[in-house]
1. For a quick check: with amide H placed at 1.01 Å from N, whose amide H comes under 5 Å from residue 287's, ignoring anything fewer than 5 positions away on the same chain?
2. What FRET efficiency would be calculated for the residue pair residue 229, residue 291, taking the C-beta separation as r and a Förster radius of 35 Å, to the nearest 0.05?
3. Report relative contact order for the chain in percent, whole number only (criteria: Cα-Cα under 8 Å, sequence separation at least 6).
4. Starting from the Cα-Cα distance between residue 312 and residue 348, subtract it from 0.36 nm times their residue separation and give me the gain in nm to one decimal.
5. Taking the Cα of residue 333, stepping 7 Å toward and past its beta carbon, and measuring to each backbone N in segment 305-325: which are under 17 Å?
6. Among 336, 33, 392, flag the residue with its Cα farthest along the positive direction of the charge dipole of the chain, charges on Cβ as +1 for Lys/Arg and -1 for Asp/Glu.
7. Roughly how big is the chain's charge dipole about its Cα centre, with Cβ charges of +1 (Lys, Arg) and -1 (Asp, Glu), in debye to the nearest 20?
8. Counting only residues 5 or more places away or on other chains, whose amide H sits under 5 Å from the amide H of residue 275 once H atoms are built in the peptide plane?
Amino acid sequence: MIADHKPYPAYKDTGVGWLGEVPEHWEVRRTRNAVDMRVSNVDKHTKEGELPVRLCNYVDVYKNDRITEHMSFMRATATTEEVERFRLEPGDVLITKDSEAWNDIGVPALVEYTSEDFVCGYHLAVLRPRKALLIGCYLLRAWQSPAVAYQCHVAANGVTRYGLSHDAIKSAFLPLPPLPEQAAIVRFLDHADRRIRRYIRAKQKLIKLLEEQKEAIVHRAITRGLDPNVRLKLSGVEWLRDVPEHWGKTRLKFIATQIIDCLHATPVYSETGAYPAIRTADVQPGRLLLESARRLDEEHYHRWTARMAPVKGDILYTREGERFGIAAMVPGDVRLCISQRMMAFRIHASQNSAYVMWQINCRHVYAQAAADLIGAAAPHVNVGRIKNFWLALPPRPEQDEIMAVVEQAIRQPNAAIERAHDEIKLLREYRTRLITDVVTGKLDVREAAARLLEEAEEPEPLDDTEAPAEGDEDGEGADLDVAPEVAEV
């Protein structure tokens, strides 16, 4: 699609190094000269005498580029003055103004509805376009461009958290085409975005089917073994029915030499750090996403591994948040640590660690975790419950045999899943490049926009990367003196 469009006939130098040239008839203005900005301080609290409100908060913006009435918002209270000052209106653009990672700052979302009790929450800035200069849909696309968002990234400051000053947001440059051209750009990009989302959604559905196929293969082998004619008995484990007659059962704590909970603190991440700090977002059943993991420098790595440095064969486990109950094994030749909401298990040499890891991912173990969840907004599994997970236990030689067959059987679906993920990554990179080229005037899409037919909006959201958990964004658990739960068995 990019190759089908040509540049504008004439350009002018903006004098802004990162932006370079823009079409001759465009303007470039600082944000303060095109929008009215307000930074919300309305936090999640309930106080007597205040008005009940619904808060649009950081996670709502991080996970959605459109804020609609169909979303579920946090309930809180605010003063009359706060409601009047921070009530959201259609066309407003919200951007994240602080985060644990510099590249999570400046994430935008367009507000598409309003109500009397709907207000902007903490960690967000409201950009209200001046109607004579700017439309909200175009402002959304401009902030989705790295060319604009990059200004926030370089202006962010902090140590454990990065934040933007009011002046840094107001000083960001925006390329401004005439209003009719902004509308044409939005029309074109919305059309392209819908097509790209359809492709991504198709790949996501394929991945889901392949994951289900892989889960069925693993579950059958891990809980029944390889002999279809083996005599069975009741397992005596809740949520797990029959197992081979010669199998035993055990609790996790009896086959682990160490069970380590994470430090109850937010790590100091480093953009140049060499050591992956594994969060729940970095764990899939049987697989660590090392490339996307945030990093620690050597000093903080040693602090976070003072009790145990994970090594090849150790199991990492997600115990909190929406992605609780997932296990993956540490590969060889990598030095890493566990970050918030994670645990690490070191399995005794008498057992096959891969077999234990896959069993922890099975439905009967997940059900044991889910039966004892604590908390509604941020569910987590009690460490005591985790230590006492019941596991089915075949003899070690049979564990090895099962794992050899399982690894061979899941090789093909794993390869297909990997290809689908790579294709999604390429589609997202293409989308980002297209937005950037169009909103900075590298491509002229006016004629293409005029030829487009009306299309219905896509109702189904994409399954994008996990947003930061509320605890991360609010600084909860940041007390370094809180002792983690540790079990040395």
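Values quoted throughout were computed directly from the atomic coordinates according to the rules given, and no laboratory measurement underlies them. Not measured: the values here are computed from a predicted model. Methodologically, a virtual Cβ is constructed for each residue, glycine included, from the backbone with ideal geometry; neighbour enumeration extends over all protein chains shown.
1. When sequence neighbours closer than 5 places are left aside, the close amide H contacts are 329.
2. Values: r = 44 Å, r/R0 = 1.25.
With a Förster radius of 35 Å, E is 0.20.
3. Working: 914 pairs, mean separation 88.8, N = 489.
Relative contact order here is 18 percent.
4. Numbers: separation 36, 0.36 × 36 = 12.96 nm, distance 1.30 nm.
Difference between extended and current length: 11.7 nm.
5. 311-313
6. Of the options given, the answer is 392.
7. Values: 64 positive and 74 negative charges, 199 e Å.
The dipole of the chain has a size of about 960 debye.
8. Amide H neighbours of residue 275: 296.
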